[in-house]
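First up is the structure itself, then whatever we jot down about it.
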Amino acid sequence: MRDDGGAATPKIRLRGLRKAFNGKVVLDGIDLDVRARRSMVILGGSGSGKSVMLKCVIGLIEPDEGVIEIDGRNVLAMSRREREAVNDRIGMLFQNGALFDSLPVWENVCFKLLAQGRIDRRAARDKAAEILAQVGLAPSVGDLYPAELSGGMQKRVALARAIAAQPDIIFFDEPTTGLDPIMGAVIDGLIVDVVRRLGATAVSITHDMASARRIGDDAAMIHRGRIVWTGPAASLGQTGNPIVDQFARGEREGPIQMELRR
Amino acid sequence: MDLLLDAVAAIGRAGLRVCRMAGAVALFALEALSHLVRPPFYGRLFARALLEIAYFSLPVVALTALFTGMVLALQSYTGFARFNAEGAVANVVVLSITRELGPVLAGLMVSGRIGAAFAAEIGTMRVTDQIDALVTLSTNPMKYLVTPRLLAGTIALPLLVIVADILGVMGGWLIGTLRLDFTSATYLRSTFDFLQAGDVIHGLVKAAVFGFILTLMGCWFGYTSRGGAQGVGGATTSAVVSSSILILALDYVLTDLLFAR
Ligand SMILES: Nc1ncnc2c1ncn2[C@@H]1O[C@H](COP(=O)(O)OP(=O)(O)OP(=O)(O)O)[C@@H](O)[C@H]1O
Ligand SMILES: [Mg+2]
């Protein structure tokens, strides 16, 4: 698989990434390139290690082996301080939102800006209102607490929090799972919109083919701990790769066998 | 033979597990303390934790101390009357409260409230990825969650114990003057005649240690909890049980170190 279309270094480059939990291999040599200013979607069955892969890149999980390069520099070899500086430029939307339920929405949204000392608390409310508007939420939402929001609103707030500090790289872990189809499409639209506006590199995890085609420029399929296919997102469904096509069409018969036994 | 070896191996494994955990807790505490001298500092979170521990525990600690002082006066009167030593009641009350019962009871009551609350709060943050989210939001979770709470716990407990000391003595005085035949002046005089500053100060030192331990246990079990609601429930229980046991054990050790010379 040659995918470095020219001399440009990929924004994110993974080589031979391995991770096992208590002897159970989850990532078994992941190789992946994400080009700058492109939107990559990652497909894969439940439990195939997609979230673990993202958490390795952002430093929440230490991989057992492998190389993770961001802008051509191996983050695993960096000092803690350098690593933090890299992470300052990354935004992440967690699978379940992970909003701070002890803080009001406005403080959630501006958390990173406040932590980095880029604004003071007085300015933060107005800034939060501005960012909330970008994800289609009224300024009054800023004074609510996360527990007072519906699931869709929580996803939007989590999205607002992920983009607030204007990151270079954004990770979206299942941004539309558990939403109704219309809200899913709205969130997809917002993602495409902010990624384009920020000029950011995006990596999104999704199970939803329609969503994958809407968000992604490129797509990659993870299966049994490896990337088994990469290609344009638009071709999903007729890629000619039996694993990807089975996944995209949601067929029970094919190379992917759901492991129902423990 | 095999059975014996198995038993020995099991004991060894349990011992190793305890040692490993003690080491991990110590490293956890050291890391949290190292953030005390490295900015940024979260004054707002410290103030909030102090309010939660000191202010909202006041009623519980105050009532506990008051009733304990009352019971002490009654019980010691019954005992001392047998030796015609009723005059020592006030002494016994004040010494028991300041040296022993004030810090221990406050520690146990607060660990039920605060150890449990911290373990549940931080544990929920752990299992819902909020702690991971802190890392992605340019914030060190130890510095943000643990350090302010540890500091607040260490400062709050001595403050609570000062209140407990006063109310405990007041409880004894109430019983002494209302139920027993002391006059107010005699009771207070014998309370303060024999009390030394060291008694109170050593009680406050104990309280600071207990405050540190109970917040440490709450934070540790919360921070390391795994596996959803059940994990958080387990963390809460472990935090309360272990801090209660540690408080009683350390109480002995500290008494040995501070008083018995
Ligand atoms: N901290 C952990 N400790 C032990 N095992 C883990 C841990 N995190 C993930 N796993 C295991 O790794 C495997 C992959 O998990 P992961 O969360 O990456 O799946 P996923 O691909 O994101 O699935 P989903 O689409 O359902 O979110 C799972 O089998 C899970 O049990
Ligand atoms: Mg996942």
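The values are calculated or read from the model by the stated rules, or taken from the named source; none is laboratory data. Just so it is clear, the structure is predicted and the values come from calculations on it, not from any experiment. Neighbour counts are summed over all protein chains in view; Cβ atoms, including those assigned to glycine, are modelled from backbone coordinates with ideal geometry.
Looking at the stretch B:59-104 only, could you name the residues that are of a type in the set (Gly, Ala, Ser) and either within 21 Å of B:Ala207 (Cβ to Cβ) or in contact with a Ser or Thr (Cβ under 7 Å, 6 or more places away or on another chain) (or both)?
Looking only at the stretch B:59-104, we keep the residues that are of a type in the set (Gly, Ala, Ser), and these are B:62, B:65, B:69, B:73, B:76, B:79, B:81, B:85, B:87-88, B:90, B:96, B:102.
Scanning the stretch B:59-104 gives B:Ala62, B:Ala65, B:Gly69, B:Gly87, B:Ala90, B:Ser96, B:Gly102.
If a residue must be surrounded by fewer than 20 Cβ atoms within 10 Å (Cβ to Cβ) and either closer than 11 Å to A:Ala165 by Cα or more than 9 Å from every other protein chain (Cβ to nearest Cβ) (or both), how many such residues does the stretch A:102-113 contain?
So the first thing to find is which residues in the stretch A:102-113 are surrounded by fewer than 20 Cβ atoms within 10 Å (Cβ to Cβ), and the list is A:102-104, A:107.
Now restrict to residues that are either closer than 11 Å to A:Ala165 by Cα or more than 9 Å from every other protein chain (Cβ to nearest Cβ) (or both): A:103-104, A:107.
Here the count works out to 3.
Could you say which residue among A:Glu107, A:Glu82 is of a type in the set (Asp, Glu) and not assigned by TED's automatic domain parsing to the domain that holds A:Gly237?
A:Glu107
For the stretch A:8-21, state whether one or more residues are within 12 Å of ligand 1 (Cβ to nearest atom) and more than 26 Å from B:Asn140 (Cα to Cα).
Looking for residues that are within 12 Å of ligand 1 (Cβ to nearest atom) and more than 26 Å from B:Asn140 (Cα to Cα), one finds none in the stretch A:8-21, hence no.
Condition test on B:Arg48, is it in contact with a His (Cβ under 9 Å, 6 or more places away or on another chain) and either surrounded by 14 or more Cβ atoms within 10 Å (Cβ to Cβ) or in a helix (DSSP H, G or I) (or both)?
On the way: in contact with a His (Cβ under 9 Å, 6 or more places away or on another chain): no; either surrounded by 14 or more Cβ atoms within 10 Å (Cβ to Cβ) or in a helix (DSSP H, G or I) (or both): yes.
So B:Arg48 does not fit the description; no.
In the stretch A:71-95, which residues are charged (D, E, K, R) and in contact (Cβ under 8 Å) with a residue 40 or more places away in the chain? Talk me through it step by step, then tell me what you get.
First, the residues of the stretch A:71-95 that are charged (D, E, K, R): A:71, A:73, A:80-84, A:88-89.
Once the filter is applied, which keeps residues that are charged (D, E, K, R) and in contact (Cβ under 8 Å) with a residue 40 or more places away in the chain, the stretch A:71-95 yields A:Asp71, A:Asp88, A:Arg89.
Output yes when any residue across the stretch A:11-29 is crowded, with 17+ Cβ neighbours inside 10 Å, outside any strand (DSSP E or B) and within 15 Å of ligand 2 (Cβ to nearest atom), and no when none is.
Checked the stretch A:11-29: no residue is crowded, with 17+ Cβ neighbours inside 10 Å, outside any strand (DSSP E or B) and within 15 Å of ligand 2 (Cβ to nearest atom).
In the stretch A:48-62, which residues are near ligand 1 (Cβ under 10 Å from one of its atoms), touching a helix residue (DSSP H, G or I) at 6+ places or on another chain (Cβ under 9 Å), not in a helix (DSSP H, G or I) and not β-branched (Val, Ile, Thr)?
A:Leu60
How many of the residues making up the stretch B:86-133 are of a type in the set (Lys, Arg) and more than 30 Å from A:Leu93 (Cα to Cα)? It would help to see each step written out before you state the result.
Filtering the stretch B:86-133 for residues of a type in the set (Lys, Arg) gives B:99, B:113, B:126.
From what is left, the residues that are more than 30 Å from A:Leu93 (Cα to Cα) are B:99, B:113.
The number of residues fulfilling the criteria is 2.
Looking at A:Ala147 and the list (1) out of contact with any helix residue (DSSP H, G or I) (no Cβ under 6 Å at 6 or more places or on another chain); (2) within 16 Å of ligand 1 (Cβ to nearest atom); (3) among the small types (Gly, Ala, Ser), which single condition is not satisfied?
(2)
Across the stretch A:166-188, what is the number of residues that are more than 16 Å from ligand 1 (Cβ to nearest atom) and within 14 Å of another protein chain (Cβ to nearest Cβ)?
Adding up the residues that qualify gives 5.
Quick test of your reading of the structure: A:Ile68 fulfils all but one of (1) more than 12 Å from chain B (Cβ to nearest Cβ); (2) without any contact (Cβ under 8 Å) to a residue 12 or more places away in the chain. Name the failing condition by number.
(2)
I'm trying to understand the selection: among the residues of the stretch A:127-142, which are farther than 30 Å from A:Lys11 by Cβ and surrounded by 14 or more Cβ atoms within 10 Å (Cβ to Cβ)? So that I can check it myself, show each step before the final result.
So the first thing to find is which residues in the stretch A:127-142 are farther than 30 Å from A:Lys11 by Cβ, and the list is A:129, A:138-142.
The answer is A:Ala129, A:Pro139, A:Val141, A:Gly142.
Please report, ordered by residue number, the helices (runs of 4 or more DSSP H) entirely within the stretch A:170-262 with at least 1 residues that are modelled with pLDDT of 90 or more.
Working: elements: A:181-198, A:209-215, A:242-249.
Result: A:181-198, A:209-215.
Which of the residues belonging to the stretch A:115-151 are in contact with a Lys or Arg (Cβ under 7 Å, 6 or more places away or on another chain) and within 14 Å of chain B (Cβ to nearest Cβ)?
Going through the stretch A:115-151, the residues in contact with a Lys or Arg (Cβ under 7 Å, 6 or more places away or on another chain) turn out to be A:119, A:135-137, A:142.
Result: A:Ile119, single match.
Looking only at the stretch A:22-47, how many residues end up being more than 13 Å from ligand 1 (Cβ to nearest atom) and over 15 Å from the mean Cα position of the chain (by Cα)?
Of the residues in the stretch A:22-47, 2 are more than 13 Å from ligand 1 (Cβ to nearest atom) and over 15 Å from the mean Cα position of the chain (by Cα).
Could you please give the count of residues in the stretch A:48-59 that are within 8 Å of ligand 2 (Cβ to nearest atom) and farther than 24 Å from A:Glu84 by Cβ?
1
All but one of (1) at pLDDT below 95; (2) touching an Asp or Glu at 6+ places or on another chain (Cβ under 7 Å) hold for A:Pro146, so report the exception by its number.
Status for A:Pro146: all satisfied but (1).
Suppose we filter A:Leu60, A:Leu99 for residues that are modelled with pLDDT of 95 or more and within 14 Å of chain B (Cβ to nearest Cβ); which single one remains?
Details: A:Leu60 fails: modelled with pLDDT of 95 or more.
Of the residues listed, the single one that is modelled with pLDDT of 95 or more and within 14 Å of chain B (Cβ to nearest Cβ) is A:Leu99.
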